[in-house]
Amino acid sequence: MGDDLSQARARMVQEQIEARGIRDRRVLAAMRVVERHRFIPAELADHAYDDGPLPIGNSQTISQPYMVALVCEAAALDGTERVLEVGTGSGYEAAVLAHLAREVYSIECIEHLHDRARILLQAMGYTNVHLILGDGSEGYPDEAPYDAIVVSAAMPGIPMPLMRQLAPGGRLVAPIGEDELQSLVRISFKNGHWQEEYFGECRYVRMTGKHGFSS
C-alpha cells in the first residue's frame, strides 16, 4: 500500500504539476515528499492523489495539488523566510510550506480543523509549523512581519491588516474575487509602489471573518 501511494504521489507531481509548468525544483521536491493521503478522511484515501480538491469536513476542502504547488511557487521561497498561511484547513499546504520556508505560522478559524491539523503535523514531526486558532482575515500580528503570506481562501479584496504584516520585499499570494471563479494574485512592494501579478483563475472556498465574506 505504501509503495502504491508513493508511486501515485510521483505520478501526481509529474502529470498534474510539472507537466503544467511548475518549474521550482524545491516545490516539486516538497510535493513529492508530503503525504497528501494523511490529510484527508480515510475513506477518500484512494483519491488522495487525484487532480482536484477533496472535502475535509466543515464545508472545507483540501486544495487541488496543482494549486498548492502554484501558490508555493508564486511565493518564491528560498528556505530563509518566515511565512504566514491564512487558512490551515487540513494542514497539507502548511506541511508543504514547512519544506520551503524557515518558519510557518498558519491560522485557522474552525477549531475542529485547527485541532486535527495540530495533532497530525506534530505526529509527522513538523517542528517549524506553528498553528494558531483565530480570524485569519486579520492575519497574525504577534509574529509579523512575514516575508510571505499565502491565503488559502477566496477574499473580496486584500485586507489592509495583511498588507501591513508583510516585511519589506515581502509578497502576498491570494485568490481574489467575489464570484465562484477567482484570480490568483501576487502582491508585492517594488520600486516604491504595490505591484500586482496574476497567475490565472482558481476556485477556493470563501473566507469568513472580519475582512472576509459576510455569508
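Here are a few things to note about the model shown:
- The stretch 65-202 - convex hull of alpha carbons, volume per residue in Å³: 101 Å³
- Label positions at residue 42 and residue 133, each projected 7 Å from the Cα along the C-beta direction, are separated by 2.5 nm.
- Rh by Kirkwood over Cα pairs, then Stokes-Einstein D for the stretch 1-135 at 0.890 mPa s and 25 °C, µm²/s: 165 µm²/s
- Sites residue 23 and residue 213, calculated FRET efficiency, Cβ-Cβ separation with R0 35 Å, nearest 0.05: 0.55
- When 109, 72 are sorted by how many other C-beta atoms sit within 10 angstrom of their C-beta, beginning with the fewest, the order is 109, 72.
- Rounded to whole Hz, the Karplus (6.51, -1.76, 1.60) HN-Hα couplings of the stretch 147-163, x for glycine and proline: 6, 8, 10, 10, 10, 9, 8, 6, 10, x, x, 7, x, 4, x, 5, 4
- Taking only Cα atoms of the stretch 118-169, radius of gyration then Dmax in Å: 12.7, 35
- Within the chain, longest stretch free of exposed trypsin sites (Lys or Arg not before Pro) [DSSP loop, at most 14 other beta carbons within 10 Å]: 103-209
- Projected area averaged over orientations for the stretch 60-114, convex hull of C-alpha atoms, nm²: 3.5 nm²
- Ordering 96, 168, 207 by Cα displacement along the dipole of the chain toward the positive end leaves 168 in first place; charges were set at the Cβ atoms of Lys, Arg (+1) and Asp, Glu (-1).
- Charge-dipole axis of the chain as Lys and Arg at +1 and Asp and Glu at -1 on Cβ define it, positive-most pick from 127, 63, 34: 127
- Helical mean residue ellipticity (222 nm; -39500 (n - 2.57) per DSSP H run of 4+; nearest 500) of the chain: -7500 deg cm²/dmol
- Phi-based couplings in Hz for the stretch 86-99 (Karplus 6.51, -1.76, 1.60; Gly and Pro marked x): 9, x, 5, x, 6, x, 5, 5, 4, 5, 4, 4, 4, 7
- Taking Cα centre as origin and charging only the Cβ of basic (Lys, Arg, +1) and acidic (Asp, Glu, -1) residues, the dipole magnitude of the stretch 65-202 rounds to 360 debye.
- Share antiparallel - DSSP beta bridges, the stretch 65-202, percent rounded to 5: 40 percent
- Helix 65-75 and the longest principal axis of the Cα set of the chain meet at an angle near 40°.
- Projected label distance in nm at residue 197 and residue 115, using a 7 Å step from Cα toward the beta-carbon: 4.1 nm
- Three semi-axes describe the equivalent ellipsoid of the stretch 145-201; taken as square roots of 5 times the Cα gyration tensor eigenvalues and ordered largest first, they are 20, 12, 9 Å.
Since every read-out is calculated from the coordinates, none of them should be taken as a lab result. Given the structure is predicted, the values throughout are model-derived calculations rather than measurements. We place every Cβ from the backbone using ideal geometry, glycine too, and count neighbours over all the protein chains shown.
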